[in-house]
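Peer 1: Sharing a structure here in structure tokens format.
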Amino acid sequence: RSLETLLGRYPAARIERDAGFPALGDLAGLGSPQELLTRRPDIIAAERRLVAAGLRVDAARAALFPSLSLSASSGTSGADFDDLTVLDGLVSSLTSSLTAPIFNGGQLRAQRDQAIANAELQIAGYVQTVLGAWREAENATYADTILASRVDSLGRAFEEAAEAENLVTQQYARGVATIFDLLNAYSRRIS
């Protein structure tokens, strides 16, 4: 049911289960938890969000500095060209371009602080994502080790129960064991 749910086929009931124990292969090729984490999409996405937040902080800091932009326009009116050549118009245009961050400084600093806070939030989210993924990778690796050990233990228990059942069957045939002993031996092997 879990596999069918993961595959998007639930409740098809087309996956048959084996009657015996599955053959567990080694987890060869998985690598260390660090290598596993570099391939996880959630970590890659968190890392990219962190980089983007850092770039937004850089942009917010750069907005605090004066910027100079040159633009040109053409027109058919002679007055536009005369405005460009007038020193007063050019100086006032340049002054307004250079002093804009001073008058918007409070807003720009607030935007910078907001970008820094967002970057710190992304750092915390990245750390949480990595720690959660690390825990999941170690738990999965450990669970596989425990599962392999359990399968071995259950295999030995089955063999021992089968031998005990054979012994009780022989004892019952000779009249030494009771029917209850035989039923208990059957029950242990089945379990």
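FYI, it's all coordinate maths here, none of it is from the lab. As the structure is a computational prediction, the values presented were derived from the model and not from experiment. All Cβ positions, even for glycine, are placed from backbone atoms using ideal geometry, and neighbour counts span all protein chains on display.
Peer 1: Just to be sure I understand the model, the point goes 7 Å from the Cα along the line to the Cβ. What's the resulting Q114 to R17 distance in nm?
Peer 2: Simple spin-label model gives 5.5 nm for this pair.
Peer 1: Which net charge results for the neighbourhood of N118, defined as the other residues with beta-carbon distances under 13 angstrom from its beta-carbon, given Lys and Arg at +1 and Asp and Glu at -1? Provide the component values of the computation, followed by the final result.
Peer 2: On the way: positive: R49, R56, R112; negative: D58, D113, E120.
That works out to 0.
Peer 1: Which of V130, A148, S191 sits closest to the plus end of the dipole of segment 114-191, meaning its Cα is farthest towards the positive end, when Lys and Arg get +1 and Asp and Glu get -1 on the C-beta?
Peer 2: S191
Peer 1: What is the sum of charges, Lys and Arg at +1 and Asp and Glu at -1, for the other residues whose Cβ falls under 13 Å from the Cβ of R56? Mind dumping the intermediate values first?
Peer 2: Details: positive: R48, R49, R61, R112; negative: D58, D113, E120.
After counting each charged neighbour, the total is +1.
Peer 1: How many nm is it between the label spots at E4 and D58, if each spot is 7 Å from the Cα in line with the beta carbon?
Peer 2: Computed distance between label sites E4 and D58 equals 5.2 nm.
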